[in-house]
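Structure first, then comments.
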Amino acid sequence: MTASGLSDAVPLGPHDGEPHQAGLNNRLNWLRAAVLGANDGIVSTAGIVIGAVGATSDRSAIMIAGVAGLAAGAMSMGAGEYVSVSTQRDSELALLAKERRELREEPEEELAELAGIYVGKGLDEELALEVAKALTAKDALGAHAEAELGIDPDDISSPVHAAWASMLSFTIGALLPLLTMTLASDAIRIWLTVAAVAAALAVTGFVSARLGYARPGRAVLRNIVGGLFAMAVTYAIGSALGTQIG
Ligand SMILES: [Zn+2]
């Protein structure tokens, strides 16, 4: 009794530190973005090379289409990620600047505001004020950023890193259908690509479901069906165009 009561009352441990928590969330976000980028690379490049093979059996034409698709997709992902993370970063930095100014110009109001947040979370007023004072003394901006804005000032995402990461993950995903389609023999390349893509989408679907704490079964199925559908559509389009033009 005493021991468990004590351990309940003294919740110290490696999992209690805010920086660790923030760092973990950030790593999970990066991992999620990487898995989604790879998934995009797999599906879009598989669609391109399957569409091309529907239109032509010319191996170099299929390869050119696949490589162009890979490059365009990676650039597009990188640019999109750069723009979106830059916007997020700008707004986070602006909010932090505003908070910093408020802390300098009206510290009393800011202290009351911070205490109010902890009252809202269930602390009584006296304790909330004590907590707010202690946090303000230690790191006023960090405390306000975390409680009011949900931002860790030491952990603002870099647009350049995000852009490179999504380009890299897209490229890794894209290489799978590109290599199976261009390296395998004519007799098996379509089915080998379809099988490799389905297997890879099972993995990305499983990992992204687990990262989001969802049950993997349906996520895996949806992901595979989506990829197969994309390949079926582009193969049909490629075949129709190939017949028209060829
Ligand atoms: Zn504030």
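Computed extension gain for ALA71 through HIS161, at 0.36 nm per residue and net of the alpha carbon distance, reaches 30.6 nm.
Fewest neighbouring Cβ atoms within 10 Å first, the residues THR243, THR204 line up as THR243, THR204. For the range 126-203, applying the loop criterion from DSSP together with a ceiling of 10 other beta carbons within 10 Å to the chymotrypsin sites (Phe, Trp or Tyr not before Pro) yields no site. Computed from Cα positions, the angle between helix 216-245 and the longest principal axis of the chain comes to roughly 40 degrees. Comparing ALA68, ALA52, ALA163 in a Gaussian network model of the chain where C-alpha atoms under 10 Å apart are linked, the largest mean-square fluctuation is found at ALA68. Once the Cα atoms are used to define both axes, helix 59-105 deviates from the longest principal axis of the chain by about 10 degrees. Between LYS138 and ALA94, the simple spin-label model (points 7 angstrom out along Cα→Cβ) gives 3.1 nm. For the chain, the Kirkwood hydrodynamic radius from C-alpha pairs, put into Stokes-Einstein at 10 °C and a viscosity of 1.306 mPa s, yields a diffusion coefficient of 73 µm² per second. Estimated purely from DSSP H runs of n ≥ 4, each contributing -39500 (n - 2.57), the mean residue ellipticity at 222 nm for the chain is -29500 deg cm²/dmol once divided by its residues.
With the simple model of a label 7 Å out from the Cα in the direction of the Cβ, SER86 to ASN26 spans 2.1 nm.
The C-alpha atoms of the range 102-246 occupy a region whose extents along the principal axes are 78, 33, 26 Å, arranged from largest to smallest. How far is helix 125-144 tilted off the main Cα axis of the chain, in degrees rounded to 10, range 0 to 90? The two axes meet at around 50 degrees.
FYI, it's all coordinate maths here, none of it is from the lab. None of these values were measured; they are calculated from a predicted model. Note that we place each Cβ from the backbone using ideal geometry, even for glycine, and neighbour counts take in every protein chain shown.
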